[in-house]
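Asker: Below you'll find the structure I mean.
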Amino acid sequence: MLANLPYLDVADPTFSVRSEAVRAAREAGAYARTPYGLAVLRYDETSRLIKDRRLIQGSAAWPAHVGVTGRWADWWGRIVLNREGDDHARLRRLATPAFAPGLVREMTPSFQALGNELIDGFHAAGRCEFMVDFAEPYATRVVARLLGIPETEWRTLARWSEHVGLGLVVNARDHATEMEAALDGLAGYADDLIADRKAKPREDFATRLVRSNVEDDRLSDEELRDMIVLLIFGGIDTTRNQLGLAVDTFIRHPDQWQLLAERPELAASAVEEVMRVRPTITWTTRQAVEDFEFDGIPIANGTTIHLFSEASGTDPRVAGEPAGFDITAEDRPRHFGFGGGRHYCFGHTIARGDMGVALTLLASRLKGIAHDGEPSFLPDSGNTGPVHLPIRFTT
């Protein structure tokens with residue numbers, strides 16, 4: 001049965017999860033073989049498997065799939081994303097307050113002020129390098145404000161986060177030196193932050209985590225360091241990339257950009273629609289913990305299963321044909337850009353909120369956006385996003 005499934009070489013850096021090969025495989029059936037295990041391409045099957053109790057989070061196997069070893073692989077295996085059971089629940093409870101829904105409302109004026117400050121820096125020129133001039137500083141300084149760390153160091157934190165994130169692309173092994181150096185930098189920064197908060201506690205989330213380590217041993221020393229590294233890296237890397245993908249998508253749909261400028265109340269819908277058609281996390285990963293059969297497909301214990309986010313979100317069986325890109329559509333399927341089930345992203349409320357603020361400001365102030373040269377991107381599988389995104393606009 002498995003041998004008859006189409007094969008998708010997702011390990012090839014030139015492969016795209018949005019390719020005709022994926023579309024053809026999705027039309028042939030819900031499943032495909034890959035170098036990493038099984039791919040799931042349709043919405044219904046993805047929505048059922050993402051919550052299936054016979055599966056656990058599968059991202060822990062990623063370093064082995066792409067041939068990454070050493071300190072980055074060790075750290076990746078320890079973080080809350082890749083823990084299960086009581087350990088996962090404990091670490092998740094400690095991290096979640098940093099991204100509570102109330103913080104979005106409380107910090108929206110701060111996000112708006114930051115966005116306008118950054119736009120002011122390039123608005124008169126009528127052009128910018130979007131990743132450098134907006135996406136990166138915006139994502140990094142938002143995380144700094146959430147965690148109570150100095151914004152003056154945003155460039156260093158952004159560079160480290162970008163390089164740590166190279167561990168999540170399919171050619172990660174080519175970047176091993178950069179990844180390890182960046183991880184060491186973030187770990188050293190976390191150690192300095194921990195020492196500072198132990199000596200001079202403040203009313204911020206970093207101090208709260210330190211207290212969980214010092215006062216009641218809910219976090220070990222290693223877990224505390226890993227948690228701070230993850231919160232910095234995760235908050236910066238995914239938001240930066242998703243904002244870049246959003247702007248690139250709107251450039252290709254100028255009518256939707258104009259509509260967002262005219263109707264800022266569509267910002268939340270715009271975020272969801274972008275993540276449906278162009279998610280930075282191109283697949284959500286699970287791993288089988290027992291042998292079982294699913295829709296006639298035999299799945300062996302230990303099998304990695306990649307649930308393709310974009311393929312499921314644009315599946316014509318639920319999204320219509322053609323699926324298109326429409327921020328006013330009310331019948332869209334819920335996307336899987338934030339995962340699902342027990343491992344649903346605990347930072348989703350902040351991510352949705354700060355991206356909504358950013359897109360609203362950008363649409364209102366940058367008219368007629370277009371590419372100002374050829375953009376370049378990370379491989380369109382694994383975790384993706386623009387490397388360079390030069391844009392121009394009218395003021």
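The values are calculated or read from the model by the stated rules, or taken from the named source; none is laboratory data. Remember, predicted model here, so these are calculated numbers, not experimental data. Positions of Cβ are generated from backbone atoms using ideal geometry, with glycine treated the same way; all protein chains shown enter the neighbour counts.
Asker: Of everything in the range 24-37, what is more than 30 Å from T177 (Cβ to Cβ) and touching a residue at least 24 places away in the same chain (Cβ under 8 Å)? Give them in sequence order.
Answerer: Across the range 24-37, the qualifying residues are R26, G29, A30, Y31, A32, R33.
Asker: Also, quick follow-up: Hey, any hits in the range 128-138 for a residue that's charged (D, E, K, R), closer than 24 Å to W75 by Cα and buried (at least 22 other Cβ atoms within 10 Å of the Cβ)? So that I can check it myself, show each step before the final result.
Answerer: Within the range 128-138, the first condition is being charged (D, E, K, R), and the residues that meet it are 129, 133, 136.
If we keep only those that are closer than 24 Å to W75 by Cα as well, we get 136.
With the extra rule that they be buried (at least 22 other Cβ atoms within 10 Å of the Cβ), the set shrinks to 136.
Taking every residue of the range 128-138 in turn, at least one turns out to be charged (D, E, K, R), closer than 24 Å to W75 by Cα and buried (at least 22 other Cβ atoms within 10 Å of the Cβ).
Asker: Can you run down the residue pairs with Cβ atoms below 7 Å, 6 or more apart or on separate chains, where the first is in the range 38-65 and aromatic (F, W, Y) and the partner is surrounded by fewer than 19 Cβ atoms within 10 Å (Cβ to Cβ)?
Answerer: Y43/R317; Y43/V318
Asker: State whether the residues of the range 110-119 include one that is at pLDDT 95 or above, within 30 Å of T304 (Cβ to Cβ) and surrounded by 19 or more Cβ atoms within 10 Å (Cβ to Cβ). Before the answer, list the steps.
Answerer: Going through the range 110-119, the residues at pLDDT 95 or above turn out to be 112-119.
Among the residues that remain, those that are also within 30 Å of T304 (Cβ to Cβ) are: none.
Within the range 110-119, not a single residue is at pLDDT 95 or above, within 30 Å of T304 (Cβ to Cβ) and surrounded by 19 or more Cβ atoms within 10 Å (Cβ to Cβ).
Asker: Within the range 384-391, identify whether any single residue is surrounded by fewer than 21 Cβ atoms within 10 Å (Cβ to Cβ) and within 20 Å of the chain's Cα centre (by Cα), and answer yes or no. Quick ask: steps written out before the conclusion?
Answerer: Going through the range 384-391, the residues surrounded by fewer than 21 Cβ atoms within 10 Å (Cβ to Cβ) turn out to be 387-388, 390.
Okay, now just the ones that are also within 20 Å of the chain's Cα centre (by Cα), so 387-388.
Scanning the range 384-391 turns up at least one residue that is surrounded by fewer than 21 Cβ atoms within 10 Å (Cβ to Cβ) and within 20 Å of the chain's Cα centre (by Cα).
Asker: For the range 63-74, state whether one or more residues are in contact with a Ser or Thr (Cβ under 8 Å, 6 or more places away or on another chain), of a type outside the set (F, W, Y) and farther than 26 Å from R208 by Cα. Break it down stepwise before answering.
Answerer: Quick first cut of the range 63-74, residues in contact with a Ser or Thr (Cβ under 8 Å, 6 or more places away or on another chain) only: 63, 65.
Filter again for of a type outside the set (F, W, Y), leaving 63, 65.
If we keep only those that are farther than 26 Å from R208 by Cα as well, we get 63, 65.
Among the residues of the range 63-74, at least one is in contact with a Ser or Thr (Cβ under 8 Å, 6 or more places away or on another chain), of a type outside the set (F, W, Y) and farther than 26 Å from R208 by Cα, which makes the answer yes.
Asker: Before we move on, is T360 outside any loop (DSSP other than H, G, I, E, B) and under 17 Å from R276 (Cα atoms)? It would help to see each step written out before you state the result.
Answerer: Values: outside any loop (DSSP other than H, G, I, E, B): yes; under 17 Å from R276 (Cα atoms): no.
So T360 fails the test.
Asker: For the range 62-86, name all the residues that are closer than 23 Å to P298 by Cβ and either among the basic types (K, R) or surrounded by 20 or more Cβ atoms within 10 Å (Cβ to Cβ) (or both).
Answerer: Start the filter on the range 62-86 by keeping residues that are closer than 23 Å to P298 by Cβ, which leaves 64-65.
Within the range 62-86, just H65 meets the criteria.
Asker: Then there's this: Checking the conditions here, which among E215, E273, E223 is farther than 28 Å from V357 by Cα and touching a residue at least 12 places away in the same chain (Cβ under 8 Å)?
Answerer: Details: E215 fails: touching a residue at least 12 places away in the same chain (Cβ under 8 Å); E273 fails: farther than 28 Å from V357 by Cα.
Selected residue: E223, the only one of E215, E273, E223 that is farther than 28 Å from V357 by Cα and touching a residue at least 12 places away in the same chain (Cβ under 8 Å).
Asker: Only one residue in V40, V22, V10 is under 15 Å from S309 (Cβ atoms), hydrophobic (A, V, I, L, M, F, W, C) and touching a Pro at 6+ places or on another chain (Cβ under 7 Å), so which one is that?
Answerer: Working: V40 fails: touching a Pro at 6+ places or on another chain (Cβ under 7 Å); V22 fails: touching a Pro at 6+ places or on another chain (Cβ under 7 Å).
Result: V10 is the single residue among V40, V22, V10 that is under 15 Å from S309 (Cβ atoms), hydrophobic (A, V, I, L, M, F, W, C) and touching a Pro at 6+ places or on another chain (Cβ under 7 Å).
Asker: Select from the range 156-188 the residues that are among the small types (G, A, S) and either more than 18 Å from D12 (Cα to Cα) or under 20 Å from the mean Cα position of the chain (by Cα) (or both) and list them in ascending order.
Answerer: A158, S161, G165, G167, A172, A181, A182, G185, A187, G188
Asker: Same structure, new question: Quick one: in the range 11-49, which of the residues that are polar (S, T, N, Q), closer than 23 Å to P298 by Cβ and in contact with a Ser or Thr (Cβ under 8 Å, 6 or more places away or on another chain) is surrounded by the most Cβ atoms within 10 Å (Cβ to Cβ)? Give the derivation first.
Answerer: Taking the range 11-49 first, the residues polar (S, T, N, Q) are 14, 16, 19, 34, 46-47.
This time we only want the ones that are closer than 23 Å to P298 by Cβ, so: 34, 46-47.
Remaining after also requiring in contact with a Ser or Thr (Cβ under 8 Å, 6 or more places away or on another chain): 46-47.
Numbers: T46: 25, S47: 17.
Checked the range 11-49; the qualifying residue surrounded by the most Cβ atoms within 10 Å (Cβ to Cβ) is T46.
Asker: Here is a further query. Could you grab the pairs with beta carbons closer than 8 Å, sequence gap of 6+ or different chains, first residue in the range 74-97 and over 21 Å from T349 (Cβ atoms), second one surrounded by fewer than 16 Cβ atoms within 10 Å (Cβ to Cβ) and modelled with pLDDT of 85 or more?
Answerer: R78/E222
Asker: Within the range 334-344, restricting attention to residues that are closer than 26 Å to P264 by Cα and in contact with a strand residue (DSSP E or B) (Cβ under 9 Å, 6 or more places away or on another chain), which residue is surrounded by the most Cβ atoms within 10 Å (Cβ to Cβ)? Steps first, please.
Answerer: Here is the first cut: in the range 334-344, the ones closer than 26 Å to P264 by Cα are 334-338.
Filter again for in contact with a strand residue (DSSP E or B) (Cβ under 9 Å, 6 or more places away or on another chain), leaving 336-338.
Details: F336: 24, G337: 26, F338: 21.
Among them, the one singled out is G337.
Asker: For residues that are touching a helix residue (DSSP H, G or I) at 6+ places or on another chain (Cβ under 9 Å) and free of Cβ contacts under 8 Å to residues at least 12 places away in the same chain, scanning just the range 317-333, find the one that is surrounded by the fewest Cβ atoms within 10 Å (Cβ to Cβ). It would help to see each step written out before you state the result.
Answerer: Keep residues of the range 317-333 that are touching a helix residue (DSSP H, G or I) at 6+ places or on another chain (Cβ under 9 Å), which gives 317-319, 322-333.
Right, trim to free of Cβ contacts under 8 Å to residues at least 12 places away in the same chain and you get 322, 324, 330-331.
On the way: P322: 8, G324: 13, E330: 6, D331: 8.
Among them, the one singled out is E330.
Asker: Of all residues in the range 274-314, how many are within 19 Å of E27 (Cα to Cα), in a loop (DSSP other than H, G, I, E, B) and modelled with pLDDT of 95 or more?
Answerer: 0
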